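Trainee: Once you've had a glance at the structure underneath, I'll fire off some questions.
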Amino acid sequence: WDVYNSYKKQISKAAKSNPLGAKEMVIKANKKLEVIKEENANFLAQSRKLIEVSSPTKINASISSPSYREGVEAFSRMVSIPNLKDPINIVDAPPESQGRSFYNLGSNQVYMGVESSSTVIHEMSHWLEEKVPGIRREVVDFYNKRTKGEDLVRLRDVTGNKAYGEDEVTRTDKWLHPYMGKEYKDASEILSMGMEMMYENPAYLAKNDPEMFDFIYSGVYRDWE
C-alpha cells in the first residue's frame with residue numbers, strides 16, 4: 001500500500017503537467033504492483049502451510065455453492081478435532097440479511113451474505129465454539145482476562161460505522177479490531193475473528209497480537225475429544 005499510494009501521488013501530480021509521462025508511470029506502477037502482489041501471495045501461501053494441522057478434521061458439511069468449498073477445506077486444515085461429528089449446512093443468506101453473513105446458534109446453519117473463504121471460516125468458528133464445550137470455556141476465560149475492568153461501549157461509537165446496531169456493544173481492549181470484543185450472552189467473536197485473521201494473514205496476527213495468535217494456535221490447533 002505504501003508503494004501504491006506513492007505512485008498514486010506521483011501520477012496525480014504528473015498528469016497535470018506531463019500527461020504522457022503520467023501514462024508511462026502508470027505502466028511502470030502496474031508492473032511493480034503485480035510483482036508485489038505475486039510476492040505477497042507466495043508469502044501468504046507459505047504462512048498458511050505453517051499453521052496447518054497434521055490431522056485435519058473431517059467436516060460433515062453441505063454447501064449450497066461451490067464458492068464456499070475453499071473456506072470449508074481451509075477450516076478443516078486449521079482444526080484437529082477427531083470426534084467432531086456434528087453436521088453444518090452453509091447456505092446463501094436471505095435477502096433481508098442485507099449482505100451480512102451469520103451463524104444461528106443451535107441450528108447448524110451458516111448463512112452467507114458474501115462469497116468469501118475467510119467469512120466461511122469466521123462463521124464456521126462460531127459453530128465450532130458452540131459444538132466443543134472445552135473451546136467455549138477457554139474462549140470465555142481468555143475474553144474475561146483480556147477485558148477485565150473494561151466498560152461496554154457501542155461498536156458504532158468506537159468504529160464510526162453506523163451499520164452497527166444501537167445494541168451492539170464491545171469491550172475494546174487491545175484487539176486488532178473492536179468487533180473482536182463484542183459482547184454476547186452465549187457466544188463471542190474471539191474464536192471467529194481470530195481464526196479469520198489466522199487464515200487471512202497469520203504473520204500479521206502473530207506480529208501485532210501475539211497473545212491472540214498463541215491463544216488461537218494453542219486453543220484450536222490441538223486434538224480435542
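The values are calculated or read from the model by the stated rules, or taken from the named source; none is laboratory data. Model, not experiment: these values are computed from the prediction. A quick note on method: Cβ atoms are made from the backbone with ideal geometry, for glycine too, and the neighbour counts reach across all protein chains shown. Note: accessible area is taken over every heavy atom of the protein model, side chains too, but ligands, DNA and RNA are not part of it. Shrake-Rupley method; radii C 1.70, N 1.55, O 1.52, S 1.80 Å.
Trainee: Quick one: in region 153-174, of everything that is of a type outside the set (A, V, I, L, M) and closer than 22 Å to GLU130 by Cα, which residue is surrounded by the most Cβ atoms within 10 Å (Cβ to Cβ)?
Mentor: Checking each candidate, the answer is THR170.
Trainee: When residues of region 176-217 are filtered for being under 22 Å from GLY165 (Cα atoms) and among the small types (Gly, Ala, Ser), how many remain?
Mentor: Qualifying residue count for the region: 4.
Trainee: Looking at SER192, is it open to solvent by less than 30 Å² (accessible area, probe 1.4 Å) and part of a helix (DSSP H, G or I)?
Mentor: Taking the combined requirement at face value, the residue satisfies it.
Trainee: Still on this structure: Take region 98-112 and flag every residue that is closer than 25 Å to GLU52 by Cβ, free of Cβ contacts under 8 Å to residues at least 24 places away in the same chain and outside any loop (DSSP other than H, G, I, E, B).
Mentor: Passing the criteria: only VAL110.
Trainee: Name the one entry in VAL139, VAL158, VAL220, VAL120 that is of a type in the set (A, V, I, L, M, F, W, C) and out of contact with any helix residue (DSSP H, G or I) (no Cβ under 6 Å at 6 or more places or on another chain).
Mentor: On inspection, the qualifying residue turns out to be VAL220.
Trainee: Just a yes or no: is a residue in region 163-181 more than 30 Å from LYS58 (Cβ to Cβ), at pLDDT 90 or above and of a type in the set (S, T, N, Q)?
Mentor: So far as region 163-181 goes, yes, one or more of its residues are more than 30 Å from LYS58 (Cβ to Cβ), at pLDDT 90 or above and of a type in the set (S, T, N, Q).
Trainee: Let me ask you something else. Count, please, the residues in region 8-66 that happen to be among the hydrophobic types (A, V, I, L, M, F, W, C) and in contact with a strand residue (DSSP E or B) (Cβ under 8 Å, 6 or more places away or on another chain).
Mentor: Of the residues in that region, 3 qualify.
Trainee: Let me ask something else about it. Please give the helices (runs of 4 or more DSSP H) falling wholly within region 2-97 in which 3 or more residues are touching a residue at least 40 places away in the same chain (Cβ under 8 Å), out of contact with any Asp or Glu (no Cβ under 7 Å at 6 or more places or on another chain) and open to solvent by less than 60 Å² (accessible area, probe 1.4 Å).
Mentor: 69-78
Trainee: OK, next. Can you tell me which residue among PRO178, PRO133 is more than 19 Å from the chain's Cα centre (by Cα) and either free of Cβ contacts under 8 Å to residues at least 12 places away in the same chain or closer than 27 Å to LYS207 by Cα (or both)?
Mentor: The unique qualifying residue is PRO133.
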